[in-house]
Structures are given as C-alpha cells and as structure tokens.
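These notes concern the structure reproduced below.
The values are calculated or read from the model by the stated rules, or taken from the named source; none is laboratory data. All values reported here derive from a predicted model rather than from experimental measurement. Virtual Cβ from ideal backbone geometry, glycine too; neighbours counted across all protein chains shown.
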Ligand SMILES: Cc1cc2nc3c(=O)[nH]c(=O)nc-3n(C[C@H](O)[C@H](O)[C@H](O)COP(=O)(O)OP(=O)(O)OC[C@H]3O[C@@H](n4cnc5c(N)ncnc54)[C@H](O)[C@@H]3O)c2cc1C
Ligand code: SF4
C-alpha cells in the first residue's frame, strides 16, 4: 500500500522543482506566488507546523487560530521553542555569549511570523533607500551638523545606499498592497506621494485609545508646527476582499493568529495562491539544516522531517527566506574551512538590525477598551526625521544649532485587555495578590489591561559590522546543530534619536489626559537583546561584491543559483514597520527570477 504523504500541502505528485524556497513567511510566500504564476515548479520547506488544514483546497479557508489567550501567550502555540532551539546573546565580541530565552524569536509556522502581527504596513520613503548620500549632502550643506555614524564618525557604522530607489520599488509596493490587501489613506504627509495605485481599501473603524492619543498629538507642537497623526496602513481587511471577510475588531490581534482570516498573512494570501496553482508543494515540519554546495553552486538542501529523519531535496535554484538570523545561520552551517557560504565579502551575518523601540506609557483614568480593535489604528510619522513627502532629510534649527534625528513612525496603542496574562499574571504572580476579593478587584479594575496606554517609536537602527550572527562554538540545538550566536549593541545614532524624541512623546500622552507618564526601560537597560520582532540585515544587497553579499537582483555574488528574499536583504532598516518592504523586495527578486512584471 502506498504510504500517505505526511506534512505536505499542494501538488504532492511534483518531484522535479525549478526553485526550492526555505521558509514560508513574508519573503518566501511572496516568492512562491510570483514563481508559480510565472510557470515555475516550486518546493517550499517550512520548519514550523501548519494551522490551515485546507489551505490547498479551493474552498473557504479553515484555520486553527482562535481568540484564546492561553494558547498564544502562555502555551506559545506557534513560537520557536527556545529550550529545543535556543540562541545565545552577548553585547560585544569581548564578552562570552549566554543562552537567552528570547533573542528576538519569531513564530515558526506555515505563513511565518506575520500571522502573529497586527500587520501594520507603511512604505519606506525615498530617503530610506539613499540615506548615506542624502545624509552626507545634509552634513556638507549645514556647517556644524553632526550625526553619529556619519562624517568624522563614519567608521563606527556601516551605512550604504540601497542598489535601487523608491521609484524602482514603487510598482512592487503597489503589487504587495493589492496582494496582501492593505487598508489605508494618503493623509500621512511624510509618506511618499508617488503611488501608482490607491490603497485597495479605506481604513477600518478607529480604536478609542488611538483617538485619545491622536487628540493629544494634535494639541502638541513640534518646533512650532502641529503634529500630524494619521490612520496606520495595515494588511487587514476593512471590507470583503479577495474571498476574505472584513476584520471584526476582536482585539486579540498583535501576538495572535486571526480567527477569520482578515489579516493578510502570507498563508491565506500568496501561499494559498501558489498552492492552488498546482505548481507548488509545501513540506512543513521540515527543518532545513544545510545547503549542499560546491562553494559556487547549490545542488540540494538537507532537512529534518517531522519524524526527525534527514531528507534531501533538489532543485535548479534555491532561495533563503528563513528570516535574517536563520538565513545567515544556514550560510554558516553550509560553509567550509570555518567560513560561511557566499562570504567572500566577509559581510555574511553582519549589519544585523532591529528597530530601536522607545516605549512611552501613561495611565488613563477612563478605561481604554483595548479589547476592541486591531491593536493599533493610528500613528504619526513626524519623528521619522524626513521632510513632508519623504524625499529629503529634515534639518531642524535647534536654538541656532542644526540638528538631524532619524527616529521612526510612532504607533498609538495599549494593552489588549487580556485578563490572564496582563492583569492576572502581574497581580497573582508578581505582586502576590493570589485569591479572594483582592484578586477579583484588581482583575475587574484592570489597571494594566484597561488603563495603560502609550506610544512606541520604531526608530531606525544603524547597520554595524560588529552587530552580527555567527555560530555559537558550544551550544547546540535539538538537531545537534550549532545555534545562532547574536552579538548586538546599540549605536549612538539610535540612542540619541530616542533622547531627542522621548520628551515630545511624553507631552503627547500628557495632552491626551495620561497620568504617571514614563519611558519603559529599553532592552539594553534590561540587560538583554532587543525584542522588536523587526529583524533585518545579515545578507545585505549591493552592487559591489567586496561590500555586500547579494547583488541587486537578490542573488549571492558568490553562488550562481542561490538567492535570499527575506528581511536579510535590507541595507538599512528605515524607521517604518518593515514587512511591506520585505514583500516588495521579494516581489522584485522573484519577478526577476521568473522573468515577469509586477501586476
Ligand atoms: C507579535 C508580532 C507583531 C508584529 N507586528 C508587525 C507589524 O505590525 N508590521 C510589520 O511590518 N512587522 C511586524 N512584525 C514582524 C513581521 O512578522 C516580520 O517582519 C516578518 O514576518 C518577517 O518576514 P520574513 O519573511 O523575513 O520572516 P518570517 O515571516 O519569520 O518567515 C520565516 C519562515 O522561515 C521558517 N524557517 C526558519 N528557519 C527555518 C529552517 N531552518 N528551515 C525551514 N524553515 C525555516 C520559519 O518557521 C518562518 O515561517 C511582527 C512580528 C510579531 C511576532
Ligand atoms: S482584530 Fe481583526 S485582524 Fe486582528 S485578529 Fe481580530 S479579526 Fe483578525
């Protein structure tokens, strides 16, 4: 009797593949769709499980996601399990790295981490792709202007321009917004006005707490001008779109899967299209451990299947889309003579970036109703540090001194009203209020779940050669493979931007009626790695093989059939939630491989 294929979706009869993609998230799912639509047979290998049993069937998508706080927050339904697959962390190369339970772990599952997100999807602006050139011009035009990482301090960071511009990427941004179903409007004055298509959907219903902070922002002035809060673009349906229903504002959004598939996660959008094309086979619970290669050509991949057996898969070309830390780790696991595959530049694993988050909070006497909504519906972009339109850097006159501070977009948010893990856990376990009327009272009043609110700035993180991923020399994972060792320390580029913008964030929350305004301690002060979940760099793109890993088409300079298309491709991190840009860059790379044009 023929053995039933296990852990497989899509066309199980395919045995020969044009392209094999490692990882099924924002980068991998996007590439799978473009390549199958372009006539290629594609094998996707995904380390995590599958929560969409009928994803490859032409009927309404069923999902195992649900509004269950314990399932995600306590039982880590789709998280990487750090006991089985740990990572180590240290601040600098002189220190010993130690195992850390959360070195910015991202979920592991078919569709990747974006299904856990609340899917905010701003575009980068023109400045973001030409930051080095624009900053050097600003410094030479403004005597006295000093920016950490540039000018006399240039060696301390590794800034470079991207090998393409905003205008080059714009058609792919438009295609990504259509494919993933982005709601939004054009009221953000700092976004680029260059758009070839409108947003597919208008913004959905605003959240109460976002409107309270918006009112506070409108009362706050910044260097004599009013601030400009705006609806946050998000890949979440505000109406029926592409067979998916509108969001019902269930509240359990950031950190949860979507029960009605309103989130434009890769599983229910691009991966599904790829699987329905008949040209895609997706093997899940398939943990890739090595690329078999000659040094300049990849011939196959080895992976552990769900039973722990080592398997091999072959294809003509290969794409790494396992997210930056894991994609770089695979290069090291596949190298020879102690060096990583594709590392003639010495840049593999380097320029690791996370967004530097400044989290300012306050307490609101009214209940904030965070249990209704999509986690974040509004924000402001005034603290990104660009001029309106996003084509130039903004130079401020700070009491006669020119000043540039490249922060990032700010999200207006708050708790999601989680009774167990927000108030329950804090009081029951941390403060010792364990039973009886006292516990009932704090859970009903919910000071954290119902009265805390605040803003997070997703500020640009400088690329640095010393911030890197390599292999830990002693710690191994459950498969017996060396785990990723992350070395990371903040640069004054981002810490100075935080110092500059935090007082304005305090003022906004005070104007919004908040009390006890405070800046939450940042990751470094807490003694651990950043936890922004925005992971970028490690295989940077560029035209010069001496200073970059990937060429402008996303192919390794050193390896003739190996590409990457996840967040690892980023040259700089921008000051915007990154995933729409990951998708747009993946579209550009995949169309290049398929020889097709954006739709
Ligand atoms: C709670 C939360 C909220 C977020 N909110 C936002 C937001 O609002 N906006 C935004 O822009 N971003 C947000 N993010 C970040 C966003 O999810 C990531 O930027 C995005 O998913 C990265 O895409 P990627 O393709 O690089 O990697 P991923 O989506 O992580 O995909 C990589 C895939 O590769 C698989 N994989 C890893 N190693 C292997 C291996 N060895 N073999 C096979 N498969 C492997 C993983 O299981 C995963 O499925 C959020 C993330 C979280 C967790
Ligand atoms: S708030 Fe909307 S998008 Fe978020 S999980 Fe609920 S239904 Fe899905």
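Can you pull out every residue in the range 86-97 that is surrounded by 12 or more Cβ atoms within 10 Å (Cβ to Cβ) and out of contact with any helix residue (DSSP H, G or I) (no Cβ under 9 Å at 6 or more places or on another chain)?
86, 88, 89, 90, 91, 97
If I ask for residues that are under 20 Å from residue 406 (Cβ atoms) and either in contact with a helix residue (DSSP H, G or I) (Cβ under 6 Å, 6 or more places away or on another chain) or at pLDDT below 95 (or both), which ones from the range 555-577 would you list?
Correct list: 567, 572, 574, 575.
Would you say residue 29 is on the phi > 0 side of the Ramachandran plot and buried (at least 18 other Cβ atoms within 10 Å of the Cβ)?
Details: on the phi > 0 side of the Ramachandran plot: no; buried (at least 18 other Cβ atoms within 10 Å of the Cβ): yes.
In short, no.
Could you figure out which of (1) surrounded by 23 or more Cβ atoms within 10 Å (Cβ to Cβ); (2) in contact with a strand residue (DSSP E or B) (Cβ under 6 Å, 6 or more places away or on another chain) isn't true of residue 311?
Condition (1) is where residue 311 drops out.
Let me spell it out: the conditions are (1) in contact with a strand residue (DSSP E or B) (Cβ under 7 Å, 6 or more places away or on another chain); (2) within 16 Å of ligand 2 (Cβ to nearest atom); (3) outside any helix (DSSP H, G or I), and residue 103 meets all of them except one. Which number is the exception?
(2)
Restrict the check to the range 415-426 and report whether at least one residue is surrounded by 14 or more Cβ atoms within 10 Å (Cβ to Cβ), touching a strand residue (DSSP E or B) at 6+ places or on another chain (Cβ under 7 Å) and at pLDDT 90 or above.
No; the residues of the range 415-426 include none that is surrounded by 14 or more Cβ atoms within 10 Å (Cβ to Cβ), touching a strand residue (DSSP E or B) at 6+ places or on another chain (Cβ under 7 Å) and at pLDDT 90 or above.
Among the numbered conditions (1) out of contact with any strand residue (DSSP E or B) (no Cβ under 8 Å at 6 or more places or on another chain); (2) within 16 Å of ligand 1 (Cβ to nearest atom); (3) over 30 Å from residue 70 (Cα atoms), tell me where residue 398 comes up short.
Only one criterion is unmet by residue 398, namely (2).
Every residue in the range 317-333 that is part of a helix (DSSP H, G or I) and either more than 19 Å from residue 475 (Cβ to Cβ) or near ligand 1 (Cβ under 7 Å from one of its atoms) (or both), please.
Within the range 317-333, 324, 326, 327, 330 meet the criteria.
Which of the residues belonging to the range 165-187 are assigned to a loop (DSSP other than H, G, I, E, B) and either surrounded by 24 or more Cβ atoms within 10 Å (Cβ to Cβ) or touching a helix residue (DSSP H, G or I) at 6+ places or on another chain (Cβ under 7 Å) (or both)? First the steps, then the outcome.
As a first pass, look at the range 165-187 and keep what is assigned to a loop (DSSP other than H, G, I, E, B): 165, 181-182, 184-187.
Within the range 165-187, 165, 181, 182, 184 meet the criteria.
Return the residues of the range 18-61 that are more than 20 Å from residue 256 (Cβ to Cβ), assigned to a helix (DSSP H, G or I) and in contact with a strand residue (DSSP E or B) (Cβ under 9 Å, 6 or more places away or on another chain); say none if nothing qualifies.
27, 28, 31, 32, 33, 35, 36, listed by residue number.
Could you name every one of the strands (runs of 3 or more DSSP E) located completely within the range 390-473 that has at least 2 residues being under 23 Å from residue 191 (Cα atoms)?
Details: elements: 396-398, 401-403, 408-413, 452-459.
Correct list: 396-398, 408-413, 452-459.
Tell me, which residue of the range 62-85 that is surrounded by 18 or more Cβ atoms within 10 Å (Cβ to Cβ) and part of a loop (DSSP other than H, G, I, E, B) is farthest from ligand 1 (Cβ to nearest atom)? Outline the logic, then answer.
Of all residues in the range 62-85, those surrounded by 18 or more Cβ atoms within 10 Å (Cβ to Cβ) come to 63, 65, 69, 72-73, 77-80, 85.
Filter again for part of a loop (DSSP other than H, G, I, E, B), leaving 63, 65, 77-78, 80, 85.
Numbers: 63: 16, 65: 13, 77: 12, 78: 9, 80: 7, 85: 9 Å.
Here the residue is 63.
Condition check ((1) assigned to a loop (DSSP other than H, G, I, E, B); (2) within 30 Å of residue 246 (Cβ to Cβ); (3) more than 16 Å from ligand 2 (Cβ to nearest atom)) across all residues:
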| site | (1), (2), (3) |
| --- | --- |
| 340 | yes, no, yes |
| 345 | yes, no, yes |
| 348 | yes, no, yes |
| 358 | no, no, yes |
| 371 | yes, yes, no |
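Is it fair to say residue 68 is farther than 21 Å from residue 285 by Cβ and at pLDDT below 95?
Spelling it out, residue 68 is indeed farther than 21 Å from residue 285 by Cβ and at pLDDT below 95.
I'd like the residue in the range 222-251 that is touching a helix residue (DSSP H, G or I) at 6+ places or on another chain (Cβ under 7 Å) and over 19 Å from residue 34 (Cα atoms) and, out of all such residues, is surrounded by the most Cβ atoms within 10 Å (Cβ to Cβ).
The selected residue is 229.
Kindly evaluate residue 191 against the criterion of being within 21 Å of the chain's Cα centre (by Cα), outside any helix (DSSP H, G or I) and more than 19 Å from residue 467 (Cβ to Cβ). Give the steps one after another, and end with the answer.
Numbers: within 21 Å of the chain's Cα centre (by Cα): yes; outside any helix (DSSP H, G or I): yes; more than 19 Å from residue 467 (Cβ to Cβ): yes.
Yes; evaluated as a whole, the condition is true for this residue.
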